[in-house]
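The values are calculated or read from the model by the stated rules, or taken from the named source; none is laboratory data. Values in this document were obtained by computation on a predicted structure and should not be read as measured data. Cβ placement follows ideal geometry from the backbone for every residue including glycine, while neighbour counts extend to all protein chains displayed. Quick note on the areas: whole protein, heavy atoms, side chains included, nothing else; ligands and nucleic acids left out. Shrake-Rupley method; radii C 1.70, N 1.55, O 1.52, S 1.80 Å.
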Amino acid sequence: MDIFNEIKKKLSHEFIDIIEWLDNTNDTIVHRFERYQNEIKNNAKLIVREGQTAVFVNEGQLADVFSPGTYTLNTKNLPILTTLKGWKYGFDSPFKAEVYFVNTRLFTDEKWGTKNPIMLSDNRFGLVEIRAYGTYSFKISDPGKFVVDVVGTDGNFTSYEVNEHLKSLIVTRFTDTVGEANLPIELYAANTTELSQTCQEVMQPEFDRVGIELEKFYIENVSMPEDLKKEIFEYSRLDKLDMVKLSQFKAAKAMEAAAKNEGGTAGAGMGMGMGFVLAQQMGQMMNPQSNQNSASQSQPSAVPPPMPSQMLYYYAVNGLQNGPVGIDRLRELFASRAINRDTLVWKQGMGDWSALKDIDELKSFLGGNTPPPLP
């Protein structure tokens, strides 16, 4: 019975002389056309539709690649295969070859993401961890290379299979790119468009090696631990706030909390005392002019005038305004290389921002100062 089934199968395939593939799936990239013992009749019709490419492989070696169209398979349009087989009498009998149909359409909305956190070094927060995810789209640009190097002998190669390979490549190159970018940690989420373009340029040569074109690459989100987010928000607020007022505010909140503690008479007395201090501090903050007048009236005339206030400077880092800080703090920032000779600096009285090296009192940071020649 098995012998008759084998003969029936052989005869049914040998009388088929049309080679085509109708894709009824959304995820098949490569489909191998099944023939009995891979035999193809002379003058068989090959139909390659738009969005497809037919790849002929003979004994593991790439033979021919056919673009969309209808072909009659004979020695005229199979010159490479004819050379490989070395036929002396043409195609009078069926010849053997594997035919792979490659889907060349654009595969969109493919997902990628970091399975494990990526470790980065930040100048202010030390070692930090981030995660990222997004989408990408690709298509097969070199079907012959893709079949030989990636598909192999797989008869039905899907987008899921190639995505497993591409995701590892994407995460590796993404990690390298963000590590070399050396941006402040809070700017990664704000510059996803620029990072996406850079990552695509870095990854494209790797995709080209296996015959794939990376059409689009998107970073949808860069996330970090919640405690790190809080630190960044706190840092940004402190960078903009007046530190004197902030310390006064925190002291007032601490005294208010202490006054609320149950402590009998002592607690009540402390509450009253803290209330007076808080009222006095708030009054001073709300009416600094009256404080100055009362201070000047209470002080005897023999007391020397107050010392001149320290000159404060603003400086720019990564396009952001920082400060104000005194000259000693500015010297520390220069020594730690947080700023350099070309950093833009401004102080009250200046018309515009100037480089640190062009401000007379800051030139001492650069070293090598010598006094001017004697008159």
Any chance you could run the full-extension gain for LYS96 through ASP17? It's 0.36 nm times the residue separation minus the Cα-Cα distance, nm to one decimal.
27.1 nm
Rg followed by Dmax, in Å, when segment 170-213 is reduced to its Cα trace:
11.5, 37
So how far apart, in nm, are the two label points at ARG209 and ASP122 if each is 7 Å from Cα heading toward Cβ?
3.3 nm
For ARG49, tell me the accessible area in Å² from a 1.4 Å probe, rounded to the nearest 10.
80 Å²
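Give me the extension gain from ASP360 to ASN191: residue separation times 0.36 nm, minus the current Cα-Cα distance, reported in nm with one decimal. Don't jump to the answer; show the numbers that get you there.
Details: separation 169, 0.36 × 169 = 60.84 nm, distance 3.66 nm.
So the chain would gain 57.2 nm between ASP360 and ASN191.
With all protein chains present and a 1.4 Å probe, how do SER168, SER223 order by accessible area, largest first? It would help to have the intermediate numbers written out before the result.
On the way: SER168 75, SER223 40 Å².
Greatest to least solvent exposure: SER168, SER223.
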If I model a spin label at LEU106 and GLU226 as a point 7 Å from the Cα along the Cα→Cβ vector, what separation in nanometres do I get?
4.0 nm
Under a crude label model (7 Å from the Cα following the beta-carbon direction), how far is LYS253 from LEU169 in nanometres?
5.1 nm
Rounded to the nearest 0.05, what FRET efficiency do TYR160 and SER67 give with R0 = 22 Å and r taken as the Cβ-Cβ distance? Could you check?
0.25
